[in-house]
1. Would you mind ranking I197, I182 so that the residue whose beta carbon has the fewest other beta carbons within 10 Å leads the list?
2. Could you list the trypsin sites (Lys or Arg not before Pro) in the range 116-195 that lie in coil according to DSSP, counting only those with at most 16 other Cβ atoms within 10 Å of their Cβ?
3. Run the helix sum for the chain: -39,500 (n - 2.57) per DSSP H stretch of 4+ residues, divided by residue count, reported at 222 nm to the nearest 500 deg cm²/dmol.
4. Along Cα→Cβ, 7 Å out, is where each label goes; now give me the distance between the ones at T291 and D45 in nm to one decimal.
5. Each residue of the range 36-45 in turn: what ³J(HN,Hα) in whole Hz from Karplus with 6.51, -1.76, 1.60 and θ = phi - 60°, glycine and Pro shown as x?
6. Of K3/K224; K12/K68; K166/K263; K54/K126; K3/K113; K54/K123, which pairs sit farther than 32 Å apart, going by alpha carbon to alpha carbon?
7. Give me H285, H180, H34 ranked fewest to most by other Cβ atoms within 10 Å of their Cβ, as a rough exposure proxy.
8. Going by how many other Cβ atoms sit within 10 Å of their own, how do V6, V271, V238 line up, fewest first?
Amino acid sequence: MAKCPVCAETFKKHDIDSLAKHFQMLNDRNDAFHVGWLREYVPMDNYNGAGFSKNLAAFFSIPDGDVKTWMEKKFIDRFLGDKPHPFIDAMQRPKKSLFLGFAAEYYFFLKQKIKSCSYVIAKTDKIEIQRFEGKVIMPELINPDGSNSSQMTLLIRMSESLGVSKDVIVNGVALPPTIHSIKLWNQISETDHWLEIMAAVNALDMLNSKAMRDRGAKFDLYNKGVLDNEWVPDQVKVFLNFVVNPANDTSQESLTLISKYAKELDMTEDVQSTFLRSLDAFDRHLQARLTRAKQFEGSK
């Protein structure tokens, strides 16, 4: 691997044995982050055994040579599979407070997404990448408050329809897990290759993509029956419909571009590593949405 998917320590390309020794050393030291990663992705009884390096290689193996397929599977396993992420599980039977927690924390994610995509544009001369990232972020930058094509605008309207003002969302402070995650995404954006930024940020749009059902996902972002509930305000329905509308889904395009340039630039291992680091950050951010929801529930 080019980088450790936990701490980003670098290794020679394709040197899975050195990566395995790195994990073994930190597992023996009971490093919580590396131990946690191993338990999540490569569960074994003995990480010092002869089979560990082989199992680690199998985890990163891409049989069809397309990192897009690998990324989709890892994302689904983590968030949309038989045991969905707790936030996704809650979105199947949402409460008013959950929508508010969603809006409050997601607002900060969107702000960072604009920054990260801008870094991609600045770091590459490839026009198709610049155009793609421009398409992703321009609605958030140039559309007035009356527009229906800005997620920031729609989530603020959603919160207002639920009794929480724009000031609470815009002038609030993200919870520590979201702050920690944003620091990682910002650090990747500042220091890493533009392709890794795409893998870290653009690929996360899979959470909202209906295309994931065709890839094996067992859940969508929310249960569509939610839209039939009379207690759900129209502005909540507008927001939810917008974020999962296939016309607004950029995840498949981003994954196709990531896969294309991972092969062209010989950066598949870098993409895998950075993507996995981002999945951990995204997990924390989604947990923060749940925590913020509890705070809103307690304030009512």
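1. Values: I197 26, I182 20.
Fewest-to-most Cβ neighbours within 10 Å comes out as I182, I197.
2. Numbers: sites: K123, K126, R131, K135, R157, K166, K183; in loops: K126.
Sites meeting the loop and neighbour criteria: K126.
3. Numbers: 14 runs with 187 residues, N = 300.
Here the helix-only value at 222 nm equals -20000 deg cm²/dmol.
4. Computed distance between label sites T291 and D45 equals 3.7 nm.
5. x, 5, 4, 5, 6, 10, 10, x, 8, 7
6. Values: K3/K224 39 Å; K12/K68 23 Å; K166/K263 44 Å; K54/K126 37 Å; K3/K113 23 Å; K54/K123 36 Å.
Over 32 Å apart, Cα to Cα: K3/K224; K166/K263; K54/K126; K54/K123.
7. Values: H285 25, H180 14, H34 21.
With the fewest neighbours first, H285, H180, H34 line up as H180, H34, H285.
8. Details: V6 20, V271 27, V238 15.
Listed from fewest to most nearby Cβ atoms, that is V238, V6, V271.
No value in this document is a laboratory result; all are computed from the given coordinates. Fair warning: this is a prediction, and the values are worked out from it, not measured in the lab. For neighbour counting, all protein chains shown are included, and Cβ atoms are generated from backbone atoms with ideal geometry for every residue, glycine included.
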